[in-house]
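Accompanying notes for the structure given below.
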Amino acid sequence: MYFWSMKRVIVVVDELYDFIEGGSLACAHSLEAVAATKRLIAQNPDTPVLFVCDHHPANHCSFAAQGGPWPPHCVAGTHGAEIHEDLQAFVQDGRVFFKGCDPSMEQYSGFEGRNAAGQALCEVLETLAPEEVVIAGIATEYCVYNTVVDLRKAGWKVVIAEDCLGWVDAEGHAEALAAMGDSGT
Ligand SMILES: [Zn+2]
């Protein structure tokens, strides 16, 4: 996995304060995921890194007050929506992609997330043209899983960085890992 020569891109999904220990939707293995992701990026300094960020309006449909399954999280402009400080050094202009911005639509996948210039992650990937996409992030069974499914549908070879994952539920994590393994790379 590390010190690779193949052309790769690392996609980091939702390593945001609200999904990390202390956040409103804190996930298991979240601090470990951030630490492992930091190591992965630092050990591969020439590999482009794309960050996917859940980024909701305060009245988002996925929040309990609107009948959704989740407590409020990653509201735009709040600390909870920010990328963990240990990863900030790796954030580059044009490589942060926001999703879940439409109040009426849930968007677990980062595939169509958009950067500040309005480019979709899938478009930027085409430009970078990696041989493989390496996925890290939170939560395995929701946003990581859905992003991986969309990437593979589009024909990308995807590698899961297992030590860089956090999850809502251990069983769901295991099931999602198995499903992602089965869909092949
Ligand atoms: Zn969300």
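The values are calculated or read from the model by the stated rules, or taken from the named source; none is laboratory data. Quick caveat: nothing in here was measured; it's all calculated off a predicted structure. Neighbour counts run over all protein chains shown; Cβ positions are idealised from the backbone, glycine included. Side chains included, ligands, DNA and RNA excluded: accessible areas come from the protein's heavy atoms. Shrake-Rupley method; radii C 1.70, N 1.55, O 1.52, S 1.80 Å.
Taking first residues from segment 70-82 that are among the acidic types (Asp, Glu) and partners that are open to solvent by 30 Å² or more (accessible area, probe 1.4 Å), the Cβ contacts under 8 Å between residues at least 6 apart in sequence or on separate chains come to Glu82/Tyr17.
Only one entry in Cys101, Cys61 is surrounded by fewer than 21 Cβ atoms within 10 Å (Cβ to Cβ), in contact with a Ser or Thr (Cβ under 8 Å, 6 or more places away or on another chain) and in contact (Cβ under 8 Å) with a residue 40 or more places away in the chain, namely Cys61.
In the condition set (1) away from the ligand (no atom under 14 Å from the Cβ); (2) open to solvent by 10 Å² or more (accessible area, probe 1.4 Å), Val75 is compliant with all but (1). Just one of the listed residues (Gly113, Gly118, Gly155) is modelled with pLDDT of 95 or more and surrounded by 15 or more Cβ atoms within 10 Å (Cβ to Cβ), namely Gly113. Examine segment 116-124 for a residue that is in contact (Cβ under 8 Å) with a residue 12 or more places away in the chain, among the β-branched types (Val, Ile, Thr) and part of a helix (DSSP H, G or I), and state whether such a residue exists. Yes, some residue in segment 116-124 is in contact (Cβ under 8 Å) with a residue 12 or more places away in the chain, among the β-branched types (Val, Ile, Thr) and part of a helix (DSSP H, G or I). Taken together, Leu50, Leu87 contain a single residue that is touching a residue at least 24 places away in the same chain (Cβ under 8 Å) and under 20 Å from Asn146 (Cβ atoms), which is Leu50. Report yes if Ile83 is open to solvent by less than 70 Å² (accessible area, probe 1.4 Å), over 27 Å from Glu171 (Cα atoms) and in contact with a Phe, Trp or Tyr (Cβ under 7 Å, 6 or more places away or on another chain), otherwise no. Considered against the rule, which asks whether it is open to solvent by less than 70 Å² (accessible area, probe 1.4 Å), over 27 Å from Glu171 (Cα atoms) and in contact with a Phe, Trp or Tyr (Cβ under 7 Å, 6 or more places away or on another chain), Ile83 comes out as no.
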